[in-house]
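A short worksheet on the structure shown next.
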Amino acid sequence: MGRTVRRAVRFLRRPKVFDAALVIVISVPAVIALVVMIARGETGEAPRLAHYLVGAALLLWRRRRPVLTAALLTALDVAGHALGLITIADLPAFIALYSVGRHTSGRVTALTSLAAYAAYALAGELFQPGKGNWVGYLFAVGTTVGVGQLVRLRAELDERARSEAADAAVREERRRIARELHDIVAHHITVITALVGGARATLPTEQEVTRDALKSAEQTAREAMTEMRLLLDVLRADDVLRDGDLIGAGGAGGAGGTGPDAATGVGADRLPALVAEARSAGLSTSLTVTGTPVALPAPVDLAVYRIVQEALTNTRKHAAGARAGVRLAYEPEAVEVEVVDDGRATGSGTPGFGLGGMAERVTLCGGRLTTGPHPGGGFRVHARIPLETP
């Protein structure tokens, strides 16, 4: 029962549904009265009721076109005054004026209210002179529009409070994640670094191949720890940026690198070192760079590096013994990165978030990512990311 009531309330709160329901509610008494009068042959009040019903129907546009609705209802009421159908503004006119205050602001509200008051005051003096209706209309218009303004202001304050609460929750979650990364992941990376360094120090001098591999592993662990510290600083920062800010900072036509990703310090210039690390780990990897290298926006720069990093990691995990080729192409308006391997997937392991993370990074930069089997065998990852246009 309670769930049904809540669903009904949510349904009625929809703008179009609420406005239609409002028109029906305020029209039903007039419709009933009009039907009864016609049935009795009493048509004297029919024009006044028809005037009222036309005004009520105009309220269907009060939310989408508040100024137009108020203007039409004001004109309708002025005509009603001239024809002697009404002596004061009808209920639909007051609802329209409330809607002006609720759904407009600033100069639009002031000018619309002033115009409506002038029209009503002039109609009162012309068609009911000497009654001082201009005073009553001053109070009626000002109060009705003012109530709408207060409701609008309260709604804006509530929305701001919800937004601030959501931001606070995001900041707290970021700090919690930072604590977990520091206490668990960073600790394990530190231990791995120490163990690898100790193992390298105890090796006999003639085992150069093993020593070099351990040295590369130790260096990789140290770099991972450095990146981890930078990410922890970003996660602890209070100035949380939204996705739209990331797009503005690094999307097509964006400029510079002020987003959180800019703090990691890796980019396209680190690809040779990344390829060298892959070779040290046993993956035969080549790197080809075409075009004239240019400074990339920080989010694009990071996306290029992470795409190659994730693609090479996937090759090592799922296509043991394969060879991989990395191609980076600088074009006047875009940068392309492609990683192709010639291996056959082993089917081991569980699906991760790597490909999804690639797609998210590329999308935020305004680019396009394609992944899948390569026609010549193996797997292909290709991304094209637009650069800032002058």
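Tell me which label goes with the value of Rg and Dmax of the Cα atoms in Å computed from the coordinates here: [x] 21.7, 66; [y] 20.3, 75; [z] 34.8, 117. Among [x] 21.7, 66; [y] 20.3, 75; [z] 34.8, 117, the one calculated here is [z]. Taking all Cα pairs closer than 8 Å and separated by 6 or more residues, the relative contact order of the stretch 1-121 comes to 21 percent.
Once all protein chains are placed together, Val185 keeps about 60 Å² accessible to a 1.4 angstrom probe. The simple spin-label model puts a point 7 Å past each Cα toward its Cβ; for Arg176 and Leu111 those points are separated by 5.0 nm. Computed about the Cα centre, the dipole magnitude for the chain is approximately 1420 debye when only Lys and Arg (+1) and Asp and Glu (-1) carry charge, each at its Cβ.
Ranked by solvent-accessible area (1.4 Å probe, protein heavy atoms only, all chains present), the residues Glu159, Glu206 order from largest to smallest as Glu206, Glu159. The 1.4 Å probe gives accessible areas that order Thr193, Thr87, largest first, as Thr87, Thr193. Relative contact order of the chain, taken over Cα pairs closer than 8 Å and 6 or more residues apart, is 9 percent. Compared with the dominant principal axis of the Cα atoms in the chain, helix 133-180 is inclined by about 20°. Normalised per residue, the accessible area of the chain is 58 Å², obtained with a 1.4 Å probe and no contribution from ligands, DNA or RNA. Ordered by solvent-accessible area of protein heavy atoms (1.4 Å probe), largest first, the residues Leu296, Leu114 come out as Leu114, Leu296.
Accessible area of Arg64 (1.4 Å probe, protein heavy atoms only, ligands and nucleic acids ignored): about 140 Å². For the stretch 17-61, the ratio of Cα radius of gyration to the globular rule of thumb 2.2 N^0.38 Å stands at 1.21. Relative contact order for the stretch 96-234: 22 percent, from Cα pairs under 8 Å spaced at least 6 residues apart, divided by residue count.
The values are calculated or read from the model by the stated rules, or taken from the named source; none is laboratory data. Since this is a predicted model, take the numbers as computed values, not measurements. For neighbour counting, all protein chains shown are included, and Cβ atoms are generated from backbone atoms with ideal geometry for every residue, glycine included. Accessible surface is based on the protein model in full, side chains and every heavy atom, while ligands, DNA and RNA are left aside. Shrake-Rupley method; radii C 1.70, N 1.55, O 1.52, S 1.80 Å.
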